[in-house]
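Here is the structure we will look at, set down as structure tokens.
The values are calculated or read from the model by the stated rules, or taken from the named source; none is laboratory data. Computed from a predicted structure; not experimentally measured. A quick note on method: Cβ atoms are made from the backbone with ideal geometry, for glycine too, and the neighbour counts reach across all protein chains shown.
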Amino acid sequence: MLKQKNPGVLLISLLGVLAAGPGCAGDFQDDAEVQVFITSMVKQHQFNRQKLETLFSQAKKRDDILEAIARPAEKTKPWYEYRKIFVKPKRIAGGVKFWKENVDILKRAAQQYGVDPAIIVAIIGVETRYGANTGSYRVIDSLSTLAFAYPPRSKFFRSELEQFLILAREEDVDAHTVKGSYAGAMGYGQFIPSSYRNYAVDFNGDGKRNLWNSLDDIIGSVANYFHSHGWQAGEPVADKVTSTAPIKTTQISEKLKPGKKTAGDFAKQGITSTPPLANDQPVALLKLEQKDGPEYWLTSNNFYVITRYNRSPLYSMAVYQLSEAIRDAYQHSRP
């Protein structure tokens, strides 16, 4: 089990860092929209203007971030290629190792939040390979670039930038140096700032929510995220359709969240899985592309809950299939 480290570099007060950050010039110091944003932070949240101006004067606009957000794998790859990124032997073995090293924390999180440990492990595996890659971009660069140089989603990322600065002040996170993904997600579970503030938990009771160094907080926070978004213990996630009846495009669900249609309704149309789901189980019908043609799945609300982490059905299916592979390997590795 990874022991909690002295947060040192990561957990320095925001104000101290802003005053003492490196003097290199950035790309936002003369940006009029940044000045408007700073004024808003001063008025609404009582930030110090000079210290924010110092921070933004050192923030960098990253063209590689703009390129990355324009081509996410969930939108550019078919399922049969996307799956291979995550559901592979090395990541499965890493999941088994992570589970064994943190079995007590996972058990406690499952008991408190009612979330399947295999899903928690798989999320962390998909997001950061169990903490091996928590991101190499400075969060201030990522969020500033997307907030002020990416018009399609500038409103969303300005909100996340606001949440990041508040989070830095609340949790004593180093706003100048802390790193994350190209979209500003942080820690083992890759929480964006608003999710960090709303769903991260102090699961070891030390008074801080540390998603970089505390496995208690990391695991507890992922569990709380799923619990808060409606995960139902014991409910299925997804079952592959095994019936041979032809499926029409009109039968495929328009939304990932199950509506009024149940497994029994689909069974009447000749669409069933093996073993069959309970007739009253609400499900959606999902189509995924394989090399040799489409495959179909009946997905439950728990599948939809996974998409609250990432809105792609490919992501949700990758997490689910990785979780099942990890569970199987973990159970077979036990004496």
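Which one of these is modelled with pLDDT of 95 or more and touching a strand residue (DSSP E or B) at 6+ places or on another chain (Cβ under 8 Å): Arg91, Arg62?
Arg62 is the lone residue from the list that is modelled with pLDDT of 95 or more and touching a strand residue (DSSP E or B) at 6+ places or on another chain (Cβ under 8 Å).
Beta carbons closer than 6 Å, at least 6 apart along the sequence or on distinct chains, pair a first residue in the range 75-102 that is without any contact (Cβ under 8 Å) to a residue 60 or more places away in the chain with a second that is crowded, with 18+ Cβ neighbours inside 10 Å and among the β-branched types (Val, Ile, Thr) for Phe98/Val121. Evaluated against (1) under 30 Å from Glu324 (Cβ atoms); (2) at pLDDT below 80, Glu101 falls short on exactly one condition, (2). So in the range 314-335, with the set limited to residues that are within 12 Å of Ala93 (Cα to Cα) and among the hydrophobic types (A, V, I, L, M, F, W, C), which one is surrounded by the most Cβ atoms within 10 Å (Cβ to Cβ)? It comes out as Ile326.
Here is the figure for the range 93-112: residues that are more than 11 Å from Ser333 (Cβ to Cβ) and among the hydrophobic types (A, V, I, L, M, F, W, C) total 6. The helices (runs of 4 or more DSSP H) found entirely in the range 55-164 that carry 2 or more residues being within 16 Å of the chain's Cα centre (by Cα) and surrounded by fewer than 18 Cβ atoms within 10 Å (Cβ to Cβ) are 73-76.
Test each condition in (1) part of a helix (DSSP H, G or I); (2) outside the structural domain of Tyr82 (by TED's automatic domain parsing) for Leu288 and report the one that comes out false. With respect to (1) part of a helix (DSSP H, G or I); (2) outside the structural domain of Tyr82 (by TED's automatic domain parsing), Leu288 is out only on (1). Would you call Pro294 farther than 16 Å from Pro236 by Cα and either modelled with pLDDT of 95 or more or assigned to a strand (DSSP E or B) (or both)? Here the answer is yes, as Pro294 does meet what is asked.
As a summary of the residue check, Ala25 satisfies the conditions (1) loosely packed, with under 13 Cβ neighbours inside 10 Å; (2) at pLDDT 95 or above; (3) outside any helix (DSSP H, G or I) except for the one numbered (2).
Filtering Ala245, Ala233 for residues that are surrounded by fewer than 19 Cβ atoms within 10 Å (Cβ to Cβ), hydrophobic (A, V, I, L, M, F, W, C), without any contact (Cβ under 8 Å) to a residue 60 or more places away in the chain and part of a loop (DSSP other than H, G, I, E, B) leaves a single hit, Ala245.
Among the residues of the range 167-180, are any part of a helix (DSSP H, G or I), surrounded by fewer than 20 Cβ atoms within 10 Å (Cβ to Cβ) and among the polar types (S, T, N, Q)? No: zero hits.
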